[in-house]
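Reading through the C-alpha cells given below for one structure.
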Protein chains: 2
Amino acid sequence: MKKNHLKTWGLCIFALLGTATAAAQGVPSMHNIGGQQYPLVNPDNTVTFRVKAPGAKSVQIVLDKPYEMKKDTAGLWLYTSTPQVPGFHYYSVQVGGLQFADPATYTYFGMSRMASAFEIPEAKADGDYYKPQKGVAQGALRSRRFYSEVCGEYRRMYVYTPPGYEQDKAKRYPVLYLQHGGGEDERGWPNQGNMAYIMDNLIAAGKVQPMIVVMNCGYAVFAGQPIPEQQPNARSSMDAFVAFTDMMVKDVIPLVDKTYRTLSDREHRAMAGLSWGGKQTLDTTLGHPELFSAVGCFSAALPMREGTDINTLYNGIFKDAEAFNKQFKLFWLGIGSEEGPGAAMMNKALTEKGIRSMLYTSPGTAHEWLTWRRCLKEFAPLLFK
Amino acid sequence: MKKNHLKTWGLCIFALLGTATAAAQGVPSMHNIGGQQYPLVNPDNTVTFRVKAPGAKSVQIVLDKPYEMKKDTAGLWLYTSTPQVPGFHYYSVQVGGLQFADPATYTYFGMSRMASAFEIPEAKADGDYYKPQKGVAQGALRSRRFYSEVCGEYRRMYVYTPPGYEQDKAKRYPVLYLQHGGGEDERGWPNQGNMAYIMDNLIAAGKVQPMIVVMNCGYAVFAGQPIPEQQPNARSSMDAFVAFTDMMVKDVIPLVDKTYRTLSDREHRAMAGLSWGGKQTLDTTLGHPELFSAVGCFSAALPMREGTDINTLYNGIFKDAEAFNKQFKLFWLGIGSEEGPGAAMMNKALTEKGIRSMLYTSPGTAHEWLTWRRCLKEFAPLLFK
C-alpha cells in the first residue's frame, strides 16, 4: 500500500523536514507504514533507523546484535547500520531490555513474534520475479480456516490457486505443500516470501506448470496438549511441532484434495520447506513416500554432521539408491552461499550413493528470505515434469 | 492458531509457574501468540498485562490512557486493569515515551500502526456468529493485488466470495463494498472484524443472500502526490484519503465486475463502512447514486451537528425524499449505545423528512469492533431483497 517512494521522496523531504539533510539521499524501506520515512535505506545499503523515545535512557536497534542509538538535539534516537546485504531483514527496537517491533513498519510473524522488517532492494531487475508485474495474470491467494482433528483446534492455511483455476472447471492441478521456518507461521510465504508474485510470474513466463500451493502453520501439538511458548530454538521447537506430520497427512491433504481440483496421486504432490520447515518436509515426505514424489529443502535443518552415515537416516530410505530414485522424481537442496556446509555435505553423500540429488546455491545470501525466494524460483520449474 | 486455552491452562500453569497463583483463574486472551499467557483475561473481565523489561525505569500499559505497571520481585512488570467491556480492544505498551505493540500478541493494523490487542469474550453464545462453526460451508477469502491508475501504485484488496461461488459457474452475485475506519486498513474486516465467519454463518442460516464482499484500503492519494503520515485525526486523514472515491469508481469497481461473477447493476451494489469508512461510504454512494442502491454507516463520521440542515448535505440529495427513497433501497445507520448522538440525530432528521432511514443501536458497546461486527450482522440480511 505504499507509493513509489523514489518518486515522492522529493516532495516529502521538503514537506517534512523543510530542508534537505544527509538522509535525503535515502529511500524509505518498502515495509514502512505509509508516510513513515524511517528506516531509511541509503545508497550504500546502510540503513538509518529513527525512534521517538524522549524519556528513554538508551535505545538499541537489534540486528545480529543490539547497536546503541544516539539521541539528537530534537530528542529523537538515530542509528545508521553498516551496509546490509540485499533482501528482507527482521529487526527489533530495544528499550529497557525489552525487544519489540518498531512502530514505523508493518510487522511479519518471525522471531516467534510480530517483528518489524526492512528490505534492501536488489540491484537492477534481479528482484522483478518476486514483484507484481503489469499484464501478468494472477492466481487467487486464499486464506482458509479448517478444524484439525489431530490438533483439536481451528487453524488457518493459505491456498494459492493458479490463474485459470476459476475459468476452466474441468482442469485439475498438482499440489505443492510449502512450509515456513522456525519462529514464523503460515503467513511467511505469502507475506515475507512473496510466493504469489513468484508463482504468477513463473507461470506467465511458461517456466512453471500451473499448480496449487498450500501453506500451513508448522506449529502443531496434539489435541489436549499444552502449547509450548514458540521459540525458534531446537528443544522447544520439537515440542511445538510434534503433531505436524500427522496433521498434514490426516487433516490437511484430505481436505485439500476434497476442496480443490487437485491431481491427488503421489506423482502430483510435492513438498518443500525452509529451515525448520525443511526438516519437517523431510520428516513428512520420507516418512510418507506413498504420498509424495518430490522434495525441496531450502536452507533446511538437516541431520548431517561430519561422519553422519546417510544409510542410517530416515529409517534407511537412502540405502537403496535405485529404489529411492524410482520413488522420488526430485530431491532438491537449496542453500545460501553464506550458510553452513550441511546441504553440500548431504548432496555429496547422496550423489556418491547414486541418488539423484540436486544442490542450488544462492550467491551472496545467508539464512534469509532472499535465499528462499530464489529457492522457490529455481525449484518450482522442476516440479511435475 | 491457538489452542483452547481453557482446556490447556491447567497444564500450562504448572509447567510454567510451578504453583498456582491468582493469575491461574484467568485465561490467555485469544489474540496472544501461542503459548503466551499474558494478557490474561480474568473472570471479572479485568485484564492482567505482563511485560519483561528488566532495565526500564517505568513501564505503562496504554488503554484509554497510560497506566503504570508495577515491577515484581522477578523483575517483570505487571498491571491489572479495571473490568473491560466485551469485544476487541487495541492497546499499547509504553517505555520511555514510546508506544508500541506488546510482543506477546498478534498485531492488527489500527491506531495507524501495527497494534497489539486483547479480546473480552462475550457472555454465553452471543459471539458465536463471528466464530467458525463446524459444518458451516466456507466462502473463499482472497487477497488480490491490483494496479490503481488513480493512485499510481499497486494496492491490495480482500475479496470474499460466498460458498458455492466456485461450484456453480453460471451464477452471478451482488457485491457489498465494505470499508474499515481511520488508522486501519483493508485487513480490518477480515482480521479484526471476522467478516468471513459472520458472512459464512449468516449465509448458512439462510439469513443473508450469498454475496461478494470487497474490502479496500481507505487511504488513497493521487498518483505523484506524497503520502501524508497516516494519522487518525481529521486533517491528515482528509489528505490521506483524498483519492478514495475516484479509486473506487475508476479502478476497483470495474476490476471487480471484470474479474468476479458479479451482478453489475446498481441494484446489486451496496457499500458500508465504519467510522471514517462510514464517511467515505456516504461520499462515495451519495456522490454516485448511479452506482449504488444501498448504504450502511457503522459508527460513521457523520456531518450532523445541532442545527445542521440535512437539505444542505451531499449536494442536496436528501431534499427530495421521494426521489431519494426511489434511488436508495436501504439507508442504514448503526451505532454503539456508548457513542455520540450523531447517528440518532441524522436518523431523526431523515425520518422527519420522509426518508426511509434505519437506525440500529448496539447495546453496551462503544466505538469498537464489537459494534461493527454486530452492525454487519444486522445490516447484511437487509441487502438485495
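The values are calculated or read from the model by the stated rules, or taken from the named source; none is laboratory data. Quantities reported herein were computed from a predicted structural model and do not represent experimental measurements. Quick reminder, even Gly has a Cβ in these numbers, built from the backbone with ideal geometry, and neighbours come from all protein chains shown.
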Of (1) over 27 Å from residue A:304 (Cα atoms); (2) touching a helix residue (DSSP H, G or I) at 6+ places or on another chain (Cβ under 6 Å); (3) not aliphatic (A, V, I, L, M), residue A:259 satisfies all except one. Which? (2)
Any chance you could count how many residues in segment A:65-75 are surrounded by fewer than 20 Cβ atoms within 10 Å (Cβ to Cβ) and at pLDDT 95 or above? 6
Name the one entry in A:104, A:170 that is within 22 Å of residue B:156 (Cβ to Cβ) and either without any contact (Cβ under 8 Å) to a residue 24 or more places away in the chain or within 10 Å of chain B (Cβ to nearest Cβ) (or both). A:104
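Name the strands (runs of 3 or more DSSP E) wholly within segment A:284-385 that hold at least 1 residues that are farther than 21 Å from residue A:218 by Cα and in contact with a helix residue (DSSP H, G or I) (Cβ under 9 Å, 6 or more places away or on another chain)?
A:330-336, A:357-362
May I ask you to say which residue of A:186, A:153, A:166 is under 10 Å from the mean Cα position of the chain (by Cα) and not basic (Lys, Arg)?
A:186
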Per the list (1) within 26 Å of residue A:120 (Cα to Cα); (2) modelled with pLDDT under 95, residue check on residue A:379 breaks on (2)
So the check is Cβ under 7 Å with 6+ separation or different chains; which pairs have a first residue in segment A:52-76 that's within 14 Å of chain B (Cβ to nearest Cβ) and a second one that's buried (at least 16 other Cβ atoms within 10 Å of the Cβ) and in a loop (DSSP other than H, G, I, E, B)? A:53/B:96; A:55/B:96; A:56/B:96; A:59/A:53; A:59/A:69; A:60/A:69; A:61/A:69; A:68/A:58
Within segment B:127-141, which residues are part of a loop (DSSP other than H, G, I, E, B), more than 8 Å from every other protein chain (Cβ to nearest Cβ) and either under 23 Å from residue A:140 (Cα atoms) or acidic (Asp, Glu) (or both)? B:136, B:137, B:139
From A:153, A:186, residue being buried (at least 16 other Cβ atoms within 10 Å of the Cβ), within 12 Å of chain B (Cβ to nearest Cβ), in contact with a Cys (Cβ under 6 Å, 6 or more places away or on another chain) and in contact (Cβ under 8 Å) with a residue 24 or more places away in the chain: A:186
Filtered residues of segment A:228-262 (kept if modelled with pLDDT under 95, within 21 Å of the chain's Cα centre (by Cα) and part of a helix (DSSP H, G or I)): A:234, A:236, A:237, A:238, A:240
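Matching residues to (1) on the phi > 0 side of the Ramachandran plot; (2) small (Gly, Ala, Ser); (3) within 9 Å of another protein chain (Cβ to nearest Cβ); (4) not in a loop (DSSP other than H, G, I, E, B):
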| residue | (1), (2), (3), (4) |
| --- | --- |
| B:78 | no, no, no, yes |
| B:93 | no, no, yes, yes |
| B:115 | no, yes, yes, yes |
| B:125 | no, yes, no, no |
| B:143 | no, yes, yes, yes |
| B:160 | no, no, no, yes |
| B:176 | no, no, no, yes |
Look at residue B:309 and say whether it is touching a residue at least 60 places away in the same chain (Cβ under 8 Å) and either of a type in the set (Phe, Trp, Tyr) or farther than 23 Å from residue B:210 by Cβ (or both). no
I'm told residue A:205 meets every condition in (1) in contact with a Leu (Cβ under 9 Å, 6 or more places away or on another chain); (2) modelled with pLDDT of 95 or more except one. Can you identify the failing condition by its number? (1)
Identify, from the list B:80, B:48, B:8, B:105, the residue that is at pLDDT below 95 and of a type in the set (Val, Ile, Thr). B:8
